[in-house]
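In what follows, a single structure is set out as structure tokens and then discussed.
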Amino acid sequence: MLTELIQAATIIDSVVSERMKVYEASFKFEVKNAPEYGYFLDIINSVSQRDKIKIVLQDETEQVYDFSLGNEEDYKGFINDTLEDEIINVKVKIDKEVVNNHFSIYAFDEFVKDILSLSLEEVMIAFSNLLKQSSNYLVFDVYSPVAMFATKTMFFVPNGNGMVNTEFNRKRRMEECREVSYFYNFDIFEVLPDDFKITIDYENNPLREVFQKIMVLLLRLPILKMGFAP
């Protein structure tokens, strides 16, 4: 959805990336093809209220317009003060947060690309940091086309699909592991095999292999294998 909104204008050199906690996009447009102010409002309004978006424009003389600091008249003034044949650089940044067990993914393919570029340890730490901020489960609201898939504690669903099965008591399972664990550092890896045990899947799921590798790795630790249901 966000990508489609960005592509709705006449733009060039569009680049998108998404890491675990940050979405970034950059593109350019000629002043003669400057989008209406409403174009940028649509982009801002498409972002979840739990996340923070920043859009900054810069012309060839390095004059800057920040959407968080100006209004429609300021935007029009910025465009009118720029020569028609100049190029405007646009940078979009979204800082993402976990709120009420929900977390955003705006460009799923780019999100996956980043995950697959990490080591298994880095992937575990990244998901652990998110799961620490949720009570018992985490819903990834995906704002781009994706087939639903899920583990026992994490649900990747199209935005707006709030139906999840949360029967697994992750909080209790973590407490049980802490009580009898002396060698496993839960402060760094607050994850369980169940977090990566896929229960709903789809063909060619790009995260299946890395999730399976992490689950097997965690099951090698006896303290986490105990009580795990295949």
Quiz item: Counting DSSP beta bridges in the stretch 1-160, what percent are antiparallel, to the nearest 5?
Solution: 75
Practice problem: When a/c is below 1.5 the answer is rounded, else prolate if a/b is larger than b/c, else oblate, so apply that to the chain with a ≥ b ≥ c taken from the square roots of the Cα gyration tensor eigenvalues. | Solution: prolate
Self-check item: Among 104, 117, 144, residue whose mean-square fluctuation peaks in a GNM of the chain (springs only between Cα atoms under 10 Å)
Solution: 117
Practice problem: Mind putting a number on the dipole of the stretch 113-180 about its Cα centre? Charges go on the C-beta only, +1 for Lys and Arg and -1 for Asp and Glu, and I need it in Debye to the nearest 20. | Solution: 160
Quiz item: Would you list 119, 46, 135 from the most to the least accessible area, probe 1.4 Å?
Solution: 135, 119, 46
Quiz item: Roughly how many whole Å is it from the C-alpha centroid of the stretch 22-85 to that of the stretch 96-153?
Solution: 28
Practice problem: Quick one: pull the percent of accessible area on the chain belonging to carbon and sulfur, 1.4 Å probe, ligands and nucleic acids left out. | Solution: 49
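The values are calculated or read from the model by the stated rules, or taken from the named source; none is laboratory data. Since the structure is predicted, the reported quantities are computational estimates derived from the model, not experimental observations. Note that each Cβ is placed from the backbone with ideal geometry, even for glycine, and that neighbours are counted across all protein chains shown. Ligands, DNA and RNA are excluded from the accessible area calculation, which covers all protein heavy atoms including side chains. Shrake-Rupley method; radii C 1.70, N 1.55, O 1.52, S 1.80 Å.
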